[in-house]
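What follows is a short report on a single structure.
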Amino acid sequence: MISLNDLAVERPVGSNNNKAIMDLLCKEAQAHGLEIVKLPIEVKSWNKKYSFAESNFRQIELYPSPFSPSFSGEGNITICDTWDDVINNPNSILVFQENLTKEILMPLDFPVYFPPEHKKIYDIIQAAKPKCIITETGKHKMSGLQPYPYFEDGNLQFASAYKDCEKYFVNQSKAYIEINSECRNTTTSQVVFKRKGYNESIIIICAHMDSKYGTPGALDNAAGLYTLSKIIENLKDDKLNSSVHYIPFNGEENYNIPGQIKYLDYIKKNKMHINLVINIDSPGFCGSQNAISFYNIEPIMQDSLISKTKSITKGQEWYAGDHAMFAFQQTPCIVATSNNLFETGIHYTHTEKDTIEIVDTKLLDELASDLRTIVKQVDSQEFA
Ligand SMILES: [Zn+2]
């Protein structure tokens, strides 16, 4: 039996912890008689060391942007408040003030959703050939990070680091910057645990297994992964018409979502049709209630599904997790999370404070039991 403790360790895609947890999940899947499919993925793993800016004898720490190339050198400082400041100051050390970093930038060519305005921003930066970029950020809107990396992307050619909004660079014309950051290519897997049914329909039950760097990711999403392993166990002796793909998605927190893309490719090549996706992300926050939200599912069906559960309430729709890529393609989706995730839970996610103390395993056990009820109901009737 897998415990929350086994899972709540820093485990970005490609890291040793990530691989160890994948082995653990595979062993468990094998013990439950599931077929294990391993889809290879190429990813970058990232390492960083102390980084800083130095000018007029005062040194401040900088945090390298995840996956940034390294940089060391002196240059002219340009403080940027508008994109014109970037355009008009080529070959310098650019400091993006809060005004420029307010909107969260999608990683370059993000596979699911990449707005053309963001492409324009990357083009402006590329054309300015910056020596490096320092971004100043406040509190992140969708996690507990403060400051947070404005760039988090292994596809960028320029080095960058981030800091808080203290006006360190104002009135500095030159500075020496060291960004100590490096990436290494590694191969890992997206695993899928398959359970064969009597007909062609497929239900996906998924929870992302990776974390960000610098967090044990207990709530986000060891909690979901633990719930997934409980559901596998709960459904073990039930007869189901549908096939089930249990998927610990590997890459929800990664700029390239490598595991997700690989799996989409896999179902396309094999002409598989997905009838329902159940995504579990950040459930069981202490003091919360289990909540599920619905996508592409009739309201009457939603009420019927909720009414048979013991502890589930209806939650808000959100489009930032692994369900989004399916929901956008009109696949029916159900997402399980904590009912107050966006009010309170979010202040812990992606930080070192996201530890097992903020997760209530009793809530997760109840969720696993309720999701079993939902799967059985969906499986027993004509759906979508
Ligand atoms: Zn998550």
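The values are calculated or read from the model by the stated rules, or taken from the named source; none is laboratory data. Keep in mind that what you see is a predicted model, and the values were worked out from it rather than measured. Every residue, glycine as well, gets a Cβ built from its backbone with ideal geometry; the counts of neighbours run over all protein chains shown.
For the list (1) buried (at least 18 other Cβ atoms within 10 Å of the Cβ); (2) within 16 Å of the ligand (Cβ to nearest atom); (3) of a type outside the set (Asp, Glu), I need the number of the one condition that residue 294 fails.
(2)
Which ranges mark the strands (runs of 3 or more DSSP E) fully within region 109-212 that have 3 or more residues being closer than 29 Å to residue 280 by Cβ? Step through it out loud before you land on a result.
Values: elements: 132-136, 160-163, 174-179, 181-195, 202-206.
Passing ranges, in order: 181-195, 202-206.
Kindly indicate the residue of region 30-78 that is without any contact (Cβ under 8 Å) to a residue 24 or more places away in the chain and among the hydrophobic types (A, V, I, L, M, F, W, C) and also farthest from residue 248 (Cα to Cα) among those meeting that condition.
For region 30-78, the residue satisfying everything is 57.
I'd like to check something: does region 57-73 contain any residue that is part of a helix (DSSP H, G or I), of a type in the set (S, T, N, Q) and within 23 Å of the chain's Cα centre (by Cα)?
Just the residues of region 57-73 that are part of a helix (DSSP H, G or I), to begin with: none.
Looking through region 57-73, none of the residues is part of a helix (DSSP H, G or I), of a type in the set (S, T, N, Q) and within 23 Å of the chain's Cα centre (by Cα).
Consider residue 249 carefully, then state whether it is of a type in the set (Phe, Trp, Tyr) and within 13 Å of the ligand (Cβ to nearest atom).
The answer is yes for residue 249.
Applying the selection to region 187-243, what residues are β-branched (Val, Ile, Thr), within 19 Å of residue 23 (Cα to Cα) and either away from the ligand (no atom under 16 Å from the Cβ) or not assigned by TED's automatic domain parsing to the domain that holds residue 370 (or both)?
Within region 187-243, 187, 188, 191, 192, 231, 232 meet the criteria.
Go over the candidates 349, 313, 361 one by one and state the one that is out of contact with any strand residue (DSSP E or B) (no Cβ under 7 Å at 6 or more places or on another chain) and more than 25 Å from residue 112 (Cα to Cα).
Exactly one residue qualifies, and that residue is 361.
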